[in-house]
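Accompanying notes for the structure given below.
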Amino acid sequence: MRRFDLQLPGSVDDCLKLLAERGRETKLLAGGTDLLPQLKNHLLKPARVIDLSGVARLQTLDANGRSLRVGAAVTARELERSPLVTQHYAALAESGALVGSVQVRNLATLGGNLCNAAPSADMAPPLLALDAEAVIAGPKGERRLPMTSFFVGVRQTVVGPDELLVELLVPDPGPHSGGTYVRHTPRRELDIAVVGVASQITLANGVCTKARIALAAVAPTPVRATAAERSLEGQPVTPERIARAADLALEVAKPISDQRGSADFRRHLVKVLTRRTLTTAFARATRD
Ligand SMILES: Cc1cc2nc3c(=O)[nH]c(=O)nc-3n(C[C@H](O)[C@H](O)[C@H](O)COP(=O)(O)OP(=O)(O)OC[C@H]3O[C@@H](n4cnc5c(N)ncnc54)[C@H](O)[C@@H]3O)c2cc1C
């Protein structure tokens, strides 16, 4: 690995000052499970690395009744185990539980997963399905934007070289809501999603008032299947409507073929996993 200058700021402000000095030559380090292999394989050669482990604000995990606040450095393992998350944000907890192995999950952070911006990132679809917002700090202060605007391409996000992702705000889905995240991998563990789907449903008097479906690994960025969502909203949820929504989810899927699965197989999985996740989300919303 090439030598670099390592910095350990204690606050978001200190981190921003360091980024302002040498933003483009700098990489932020959270758990390092994506970054370290990239450094070791010489894919990146930063002159400076900023270790975020001393920035307390990034470790926040709390709920104020209306929303969940998850600091960018909260780990997949914390999301998997926290009752705050498992009780009301099951899709997010389930996605955290699928990342790598326990050893990886103890290091892998939510912010790292989102900022690495792999199309297969497991923790992205639940945040899209839960209408989460990202809080990004930069030289001009903080900005909030919906997760639907966060990803701009393969391994590209809206976070600039002089900015950092601070936290995610996830609104409480409210009563009679349910959600889940499911992915298909060729191997049971330590593999990345060939397709991942998160679904979230809210009901009132047996009618679907809100539906969200988000897909991973079928386009350059994680995407919402909005036509499928609209087909459910305002209607009672039935197996036929779920099957129709699964067909419509295909409209946003533009998968590639690679060694892990053909485009046709991925399209097939979009239908199967959308149907499965909507069925589970509906069952959970009914039980709630
Ligand atoms: C064996 C193994 C298995 C894996 N399995 C999975 C899996 O099943 N599913 C999956 O989705 N991923 C998987 N991954 C990938 C990786 O573990 C996750 O993407 C993880 O969440 C990355 O988080 P991190 O904290 O390690 O990020 P890091 O490696 O520290 O950072 C990743 C990128 O994000 C940037 N970054 C980090 N924090 C911030 C911030 N706050 N603001 C701005 N930029 C930031 C870094 O500069 C870097 O570019 C696996 C990796 C390994 C090595």
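The values are calculated or read from the model by the stated rules, or taken from the named source; none is laboratory data. Just so you know, these numbers come straight off a predicted model, no measurement behind them. Cβ atoms come from the backbone with ideal geometry, glycine included; neighbour counts cover every protein chain shown. Just the protein is used for accessible areas: all its heavy atoms, side chains included, with ligands, DNA and RNA removed. Shrake-Rupley method; radii C 1.70, N 1.55, O 1.52, S 1.80 Å.
From the helices alone, meaning DSSP H stretches of at least four residues, give me the mean residue ellipticity at 222 nm for the chain, per-run term -39500 (n - 2.57), in deg cm²/dmol to the nearest 500.
On the way: 11 runs with 98 residues, N = 288.
Using -39500 (n - 2.57) per qualifying helix, the result is -9500 deg cm²/dmol.
Rounded to the nearest 20, the Cβ-based charge dipole of the stretch 183-227 about its Cα centre (Lys and Arg +1, Asp and Glu -1) stands at 80 debye.
Consider a paramagnetic label point 7 Å from the Cα of Ala283 along Cα→Cβ; state which residues of the stretch 173-199 have an amide N under 18 Å from it. Counting only backbone N, you get 176-184, 197-199.
Entry comment: accessible area of the chain is 46 Å² per residue, from protein heavy atoms only and a probe of 1.4 Å. As I understand it, the value is the acute angle between the Cα axis of helix 263-287 and the longest principal axis of the Cα atoms of the chain; what does it come to in degrees, rounded to 10? Compared with the principal axis, the helix lies near 70 degrees. With bins 5 Å wide beginning at 0, the percent of Cα pairs of the stretch 155-288 falling in each bin runs 2, 11, 19, 20, 17, 14, 11, 5, 1, 0. For Arg241, the solvent-accessible surface computed with a 1.4 Å probe is close to 80 Å², ligands and nucleic acids excluded.
Which whole-number percent of Cα pairs in the chain have a distance greater than 32 Å? Write down the numbers at each step before the final one.
Numbers: 9799 of 41328 pairs.
Tail of the P(r) past 32 Å holds 24 percent of the pairs.
Within the listed set Ala90, Ala243, Ala30, the residue fluctuating most in the Gaussian network model of the chain (springs between alpha-carbon atoms under 10 angstrom) is Ala243.
Computed from backbone phi with θ = phi - 60° and the Karplus coefficients 6.51, -1.76 and 1.60, the 3J(HN,Hα) list for the stretch 182-191 is 9, 9, 10, 10, x, 9, 5, 9, 6, 9 Hz; x is used for glycine and proline.
Annotation: aspartates and glutamates with alpha-carbon distance below 16 angstrom to Lys40 (same-chain offsets under eight excluded): Asp5.
Each 5 Å bin, from zero up to the one with the longest distance, holds this percent of the alpha carbon pairs of the stretch 95-184: 3, 13, 23, 24, 19, 12, 5, 1, 0.
Measuring between alpha carbons in the structure, the pairs from Lys17/Lys210; Lys27/Lys140; Lys45/Lys140; Lys140/Lys210; Lys17/Lys254 lying more than 31 angstrom apart are Lys17/Lys210; Lys140/Lys210; Lys17/Lys254.
On the protein heavy atoms, probe 1.4 angstrom, tell me the percent of accessible surface of the stretch 159-288 carried by carbon and sulfur. Could the numbers behind the result be given before it?
Working: 3080 of 5810 Å².
Of the solvent-accessible surface of the stretch 159-288, carbon and sulfur hold 53 percent.
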